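The block underneath contains the structure these notes are about, expressed in structure tokens.
We did not get these values from a lab; they are worked out from the coordinates using the rules stated. Only a predicted model underlies this, so the values are computations on that prediction, with no experimental measurement involved. Cβ coordinates were reconstructed from backbone atoms using ideal geometry, including for glycine residues, and neighbour counts include every protein chain displayed.
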Amino acid sequence: MARKPKNTPHVTFQTAGLARRVPAQHRSRERYNRILETAAQIIAEKGGEALRMSDIVERAGVPFGSLYQYFPDRTAIIGTLAERYNAIGHACVDTELSPVKTVRDLHPALCRMIDGYYQMFLDDPVMRDIWYATQADKTLQDLDKADMEVLAAILCDALKRLAPDHDVQVLAGFSLLTMHLIAAAVRHAITLERKEGDRIIATFKRVLPRDLLALTE
């Protein structure tokens, strides 16, 4: 899980998040990453609901004490995996939207962002399984909600630059809805065969208004 999807910004993971702590020493960091990589493999094979701490210990070759030193339970492991992908997603969205200076820049930037998000799922299919797992746990549902709020804030900042006189609350609500729609479209597309998923993404980009700000007036 330490690797990042292709064509995405480099992200350094420094905060513990749902993990008890993130080790600083190289050897401990390797063990920490091995635990996450093993958990991701098990989730990819069996689904998040089948993830067991004992299976991670056996496959990763780490003692229970080391596992619990970093992660109190399976929810923390799944949440940490989700947080890593969320951080990459935040960086991708910021990369596409930060340079936006005019309304004409916005639509192509959003389309590139959608393509990048979709490609992340294609490059690492376990993302879908991790997302499914987050929907089955209240703590992780809150994590997904927080992720949407961060993404919406990035879009809202871009809209505020383009329309500084608009009502900020309106822009914020519109940004959150837009990000939820984008996420829903991509998450639907990755459940389909590749050709059909590509068609869904292409269709969604075509129906995405070229002047989003006009919808906020």
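Estimated from helical segments only, the mean residue ellipticity of the chain at 222 nm is -23500 deg cm²/dmol, where each DSSP H run of four or more residues counts as -39500 (n - 2.57). The modelled label-to-label distance for the pair LYS160/THR102, using points 7 Å beyond Cα in the direction of Cβ, is 2.4 nm. Here each label is just a point 7 Å from Cα along the line to Cβ, and for THR216 and LYS145 those points are 2.4 nm apart. Across the chain, the relative contact order, built from alpha-carbon pairs under 8 Å that are at least six residues apart, equals 22 percent.
Among 152-159, 199-206, the peptide with the highest mean count of other Cβ atoms within 10 Å heads the list, and the full ranking is 152-159, 199-206. Evaluated over the Cα positions of the stretch 10-139, the convex hull gives a direction-averaged projected area, one quarter of its surface, of 8.8 nm².
Of the trypsin sites (Lys or Arg not before Pro) in the stretch 75-148, the ones in a loop by DSSP (not H, G, I, E or B) with at most 12 other beta carbons within 10 Å are LYS101. Diagonalising the gyration tensor over the Cα atoms of the stretch 160-217 and scaling each eigenvalue by 5 before taking the square root yields semi-axes of 28, 12, 7 Å, largest first.
If the Kirkwood radius is taken over C-alpha pairs of the chain, then at 4 °C and 1.567 mPa s the Stokes-Einstein diffusion coefficient equals 70 µm²/s.
Here the chain is treated with +1 on each Lys and Arg Cβ and -1 on each Asp and Glu Cβ, and its dipole about the Cα centre works out to around 580 debye.
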